[in-house]
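Worksheet: one structure, shown below.
The values are calculated or read from the model by the stated rules, or taken from the named source; none is laboratory data. The model shown is predicted, which means the values in this text are computed figures rather than measured ones. All Cβ positions, glycine included, derive from the backbone under ideal geometry; neighbour counts span all protein chains shown. Side chains included, ligands, DNA and RNA excluded: accessible areas come from the protein's heavy atoms. Shrake-Rupley method; radii C 1.70, N 1.55, O 1.52, S 1.80 Å.
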Amino acid sequence: MKMTNYRLQTEMENIKPDKQEWFKDYVRQVLESNKPYHAKADYLGLSIQEIQNKIDYLTADIQEMSVLKKSLTSAKTLALIATAEVLEEYGVDRLDGTSISSITITPKKTKLTETFEIINAEALIKLGYFSVVVDEQSVKDAMLTVEGMDEIDTFVKVGITTEETPARIKVNARRSSTNNQATELLNLVDSQVAA
C-alpha cells in the first residue's frame, strides 16, 4: 500500500474551481523540468490514477457500509421486538439499569394508511374524470416520416442544445500494475520539482 502522496497528486486533490492557476503553474513546472518526457507523463498519469484508486476504494467502502448499515438496522429492529416479546413472557414491563436509566416496552401500535384503488375506470371517464396528454413518443415517431412532419410541423418546435465539455487528459494505463521503475522516476521528479 502506498504510504505517501506525490506532490502533484496532493495538488490535484486540493484544486478548487477558482484556484486553478496555482495548479496550472505546477503542471508547467513539471513539463518544463529537465526530466525525460516519459517520466513527466508517468508523474502526471500515475498521480491521476492514484486519485481514481482512492475514488474506487471509497466507492467500494460506501457500498459495503450501506449494506452493513441496512443489515444492522434490520438486526436491531428484530432484537428490539424479540427482547420485548421475551420480557412480556416474564411479565416485565420495565428494567432499571445503572449505565442506562431503564428499558421499557412500548405498546403495540396499529398504523392506519389510506389506500386508493380505482375499481371501474371506464365509469369514471364517462363521468368526466380524465385528462388528455400528448403522447410525445408518437409525435417524435411521426416526425420521422414526411407525411407526419407535414401534419404536425406547425405544432412543434425542434431545436438543438449544445453542451460543451472542456478538454481533459486521459490516462492510459499499462497492462502491468506494478512498475517499480515508474515509481522511482515519480519520486525523482517529485523531489526535483519541489526543489
| query | What FRET efficiency, computed as 1/(1 + (r/R0)^6) with R0 = 22 Å and r the Cβ-Cβ distance, is obtained for His38 and Arg168, rounded to the nearest 0.05? | reply | 0.60
| request: Tell me the label-point distance for the pair Asp25, Glu64, using the 7 Å Cα-to-Cβ offset, in nm and rounded to one decimal. | output: 4.1 nm
| Sum of -39500 (n - 2.57) over DSSP H runs of 4+, divided by residues of the chain (222 nm, nearest 500) | -18000 deg cm²/dmol
| note | For 95-103, 9-17, ranked highest to lowest by mean beta-carbon neighbours within 10 Å, the order is 9-17, 95-103
| Relative packing of peptides 160-166, 35-41, 74-80 - highest average C-beta neighbours within 10 Å first | 35-41, 74-80, 160-166
| message | Given a 1.4 Å probe and heavy atoms of the protein chains only, how would you sort Leu44, Leu8, largest accessible area at the top? | response | Leu44, Leu8
| Rounded, prolate or oblate: which fits the chain, taking a ≥ b ≥ c as square roots of the Cα gyration tensor eigenvalues, rounded meaning a/c under 1.5, else prolate when a/b beats b/c? | oblate
| In region 63-82, which residues have a backbone nitrogen under 19 Å from the label point lying 7 Å from Ile103's Cα in the Cα-to-Cβ direction? | 72-82
| message | Checking the cross-link filter: which lysines have an alpha carbon closer than 26 Å to that of Lys40, excluding same-chain neighbours under 8 positions apart? | response | Lys2, Lys16, Lys19, Lys24, Lys54, Lys170
| What accessible area per residue comes out for the chain, rounded to a whole number of Å², with a 1.4 Å probe? | 90 Å²
| If you take the beta carbon distance between Phe130 and Ala82 as r and set R0 to 35 Å, what does 1/(1 + (r/R0)^6) give as a FRET efficiency, to the nearest 0.05? | 0.10
| message | Just to verify a number: what accessible area does Lys140 come out at with the full protein assembly present, 1.4 Å probe, Å² rounded to tens? | response | 120 Å²
